[in-house]
Amino acid sequence: MVARSLLYEGKAKIVYTTTEPEILLAHFKDDATAFNAQKRGSIVGKGEINCTISTVLFQYLEKQGIPTHWLESISANQMRVRRLQILPLEVVVRNIAAGSLCQQTGLPLGTVLKQPLVEFYYKNDSLGDPLLTSDRLFLLELATPEQVNQLQQMARQINRYLSEFFQRCDMTLVDFKLEFGYDAQGQLRLGDEISPDTCRLWDVAETDPNRRVMDKDRFRRDLGNVETAYQEVLRRVLAQGNEGDGN
Ligand code: ADP
Ligand code: MG
């Protein structure tokens, strides 16, 4: 588990190979980017916070029967994961209208959706991660209809589990982005991370549209107190994660 060579450096993580070909090491960085990396900065402590939150949530989802890439935490900002063939898709689940859904549809911010919306975006930075229609998805052969069905089902199930978890943390899961991939055995697994970088989370105790924001929108929209918000999400997630251990 020692010999490491850099496999990929992304915007939020550095991924290393290990002595075991099917196991990778993901190192979470403090670097923060938004708007397809046009805005860059750093959130002090983010690497450790996001790695720890992801660890708790992957463990929780595994307990509920969702296969994930998570294997082990090695330090506060590093985890061992199963190597996946990541599908070039960002699977977004929305419970409440925010962000690009509002900009592109005119739905007012905060509109509660009658049922969760599952969307696919093309994971391609040079194209700006565009929203896909199913016909475009099939045209580009990014997935088969069967795979799309399976991804939608898993995303909806994960949404039910995560929404419940965050509700117990007094946060509303507004929307989030998932990445999936296949392991060496051909099993579809949830990969990447689940963190305030990839989820919109609103404090249930706050109604003010800026004060309630506890996720990367604080950085995107220069709302201030970014580190404090991330630390507070971590504190609540850890409290809830520990709570679950007793059951
Ligand atoms: P990005 O800049 O694309 O957001 P990140 O820094 O978030 O990238 O992550 C680095 C890369 O690691 C991403 O391309 C992500 O898809 C990939 N990745 C995440 N989990 C796994 C995994 N289990 N196996 C292989 N690649 C992974
Ligand atoms: Mg990423």
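Numbers for the structure displayed
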read-out	value
Residue tally, condition farther than 30 Å from PRO209 by Cα, within 15 Å of the chain's Cα centre (by Cα) and not in a loop (DSSP other than H, G, I, E, B), over the stretch 52-78	3
Complete set of residues in the stretch 190-221 that are of a type outside the set (A, V, I, L, M, F, W, C) and within 14 Å of ligand 1 (Cβ to nearest atom)	GLY191, ASP192, GLU193, SER195, PRO196, ASP197, THR198, LYS216
Residue check for ASP183: of a type in the set (Asp, Glu) and more than 16 Å from ligand 1 (Cβ to nearest atom)	no
Cβ pairs under 8 Å, 6+ apart, first in the stretch 82-98 and farther than 12 Å from GLY181 by Cβ and in a strand (DSSP E or B), second away from ligand 2 (no atom under 16 Å from the Cβ) and among the basic types (Lys, Arg)	VAL93/ARG156
Qualifying residue in the stretch 14-28 (condition: surrounded by fewer than 15 Cβ atoms within 10 Å (Cβ to Cβ), within 16 Å of ligand 2 (Cβ to nearest atom) and within 23 Å of LEU201 (Cα to Cα))	no
Search result, residues across the stretch 1-42 that are part of a loop (DSSP other than H, G, I, E, B) and more than 14 Å from ligand 1 (Cβ to nearest atom)	MET1, VAL2, ALA3, ARG4, THR19
Any strands (runs of 3 or more DSSP E) falling wholly within the stretch 135-202 and containing at least 2 residues that are modelled with pLDDT of 95 or more and among the β-branched types (Val, Ile, Thr)	171-178
Residue tally, condition away from ligand 2 (no atom under 16 Å from the Cβ) and at positive phi, over the stretch 29-70	2
Criterion (within 20 Å of ASP215 (Cα to Cα), surrounded by fewer than 18 Cβ atoms within 10 Å (Cβ to Cβ) and not charged (D, E, K, R)) met by exactly one of THR133, THR105, THR144, THR111	THR111
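The values are calculated or read from the model by the stated rules, or taken from the named source; none is laboratory data. Quick caveat, the model's predicted, so the values are computed rather than measured. As a convention, Cβ positions derive from the backbone with ideal geometry for all residues, glycine included, and neighbour counts pool all protein chains shown.
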